[in-house]
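Enquirer: Before anything else, here's the structure in question.
The values are calculated or read from the model by the stated rules, or taken from the named source; none is laboratory data. Being a predicted model, the structure only gives us computed values, none of them experimental. Positions of Cβ are backbone-derived with ideal geometry, glycine not excepted, and every protein chain shown enters the neighbour counts.
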Amino acid sequence: MEYAIPAAIHPIFVHFAIALTLFGVGLDAFALFTGRSHWHQAAKMNLMGGVMGMAAAVASGWWDHEQSAHTHLTPNLMPVHQYLGWSLLVVFALLLVWRVRMTTSPSRAFVGIALVGALGIMVQGHIGGQMVFRQGVGVQLDPEGLAASVESSLSSGEEGSTQEGPGHGEQKGHGEHAH
């Protein structure tokens, strides 16, 4: 199997944007509501990484969209996904500036706004998931290539050998069998 740099790079960056940002917001909320203020520094670092990931996700989403053939079935979700992505980037960039300039622990107002933004990230992820998994945006299927790959995989094993189910990993030759 050959490996190539993926044509679509947006899926690589969205995971950083989602995970780091949500974890940072979650840590700030945890620290605020439990009084364990030492968690705020970890939250700040995660928020920084999340905003960088979000900027990369927005930029790569724009790039991938510009490079695509725009063949998706329902383009009505694409503008919503784009505008929500830009909006979330602006909101979290402003939150990060606010967070970096703080000299004390984050206030309830900061954490409340960040939690609303986190809800926006979850909605954004849902929309992106709907576009990919329900509508096939960015998915290229090559049925002939897939069939050839399966055929090649099936015929590449040794004649007379079988592989047991998952987790067994043993191959049996002629005259041997598993009990």
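Enquirer: Restricting attention to region 12-35, and to residues there that are within 14 Å of residue 124 (Cβ to Cβ) and of a type outside the set (A, V, I, L, M, F, W, C), which single residue is farthest from the chain's Cα centre (by Cα)?
Expert: Only one residue tops the list, namely 21.
Enquirer: Working carefully through the options 43, 8, find the one that is at pLDDT 95 or above and surrounded by 12 or more Cβ atoms within 10 Å (Cβ to Cβ). Walk me through it before giving the result.
Expert: On the way: 8 fails: at pLDDT 95 or above.
When all the criteria are applied, what remains is 43.
Enquirer: Quick one: in region 68-88, which of the residues that are over 14 Å from residue 132 (Cβ atoms), of a type in the set (A, V, I, L, M) and under 19 Å from the mean Cα position of the chain (by Cα) is modelled with the lowest pLDDT?
Expert: Ranking the qualifying residues of region 68-88, first place goes to 80.
Enquirer: Hey, another quick one. Restricting to region 95-110, name every residue that is surrounded by 15 or more Cβ atoms within 10 Å (Cβ to Cβ) and in a helix (DSSP H, G or I). Quick ask: steps written out before the conclusion?
Expert: Quick first cut of region 95-110, residues surrounded by 15 or more Cβ atoms within 10 Å (Cβ to Cβ) only: 95-96, 98-99, 105-106, 110.
Selection gives 95, 96, 98, 99, 110.
Enquirer: Do the conditions hold for residue 60, that is, is it of a type in the set (Ser, Thr, Tyr) and at pLDDT below 95? Walk me through it before giving the result.
Expert: Values: of a type in the set (Ser, Thr, Tyr): yes; at pLDDT below 95: yes.
Taking the combined requirement at face value, the residue satisfies it.
Enquirer: Oh, and also: It is to be established whether one or more residues within region 76-92 are in contact with a Ser or Thr (Cβ under 9 Å, 6 or more places away or on another chain), under 25 Å from residue 138 (Cβ atoms) and either in a helix (DSSP H, G or I) or small (Gly, Ala, Ser) (or both).
Expert: Filtering region 76-92 for residues in contact with a Ser or Thr (Cβ under 9 Å, 6 or more places away or on another chain) gives 88, 92.
Still in the running and under 25 Å from residue 138 (Cβ atoms): 88, 92.
So of that shortlist, the ones also either in a helix (DSSP H, G or I) or small (Gly, Ala, Ser) (or both) come out as 88, 92.
Checked against the condition, which is being in contact with a Ser or Thr (Cβ under 9 Å, 6 or more places away or on another chain), under 25 Å from residue 138 (Cβ atoms) and either in a helix (DSSP H, G or I) or small (Gly, Ala, Ser) (or both), region 76-92 yields at least one hit.
Enquirer: Is there a residue being over 17 Å from residue 92 (Cβ atoms) and part of a helix (DSSP H, G or I) anywhere in region 46-61? Walk me through how you get there before you give the answer.
Expert: Pass one, region 46-61, residues over 17 Å from residue 92 (Cβ atoms): none.
Checked against the condition, which is being over 17 Å from residue 92 (Cβ atoms) and part of a helix (DSSP H, G or I), region 46-61 yields no hits at all.
Enquirer: Turning to a different aspect of this structure: Report, by residue number, each residue of region 83-94 that is surrounded by fewer than 13 Cβ atoms within 10 Å (Cβ to Cβ) and either among the hydroxyl-bearing types (Ser, Thr, Tyr) or closer than 15 Å to residue 29 by Cβ (or both).
Expert: 83 - this is the single residue of region 83-94 that is surrounded by fewer than 13 Cβ atoms within 10 Å (Cβ to Cβ) and either among the hydroxyl-bearing types (Ser, Thr, Tyr) or closer than 15 Å to residue 29 by Cβ (or both).
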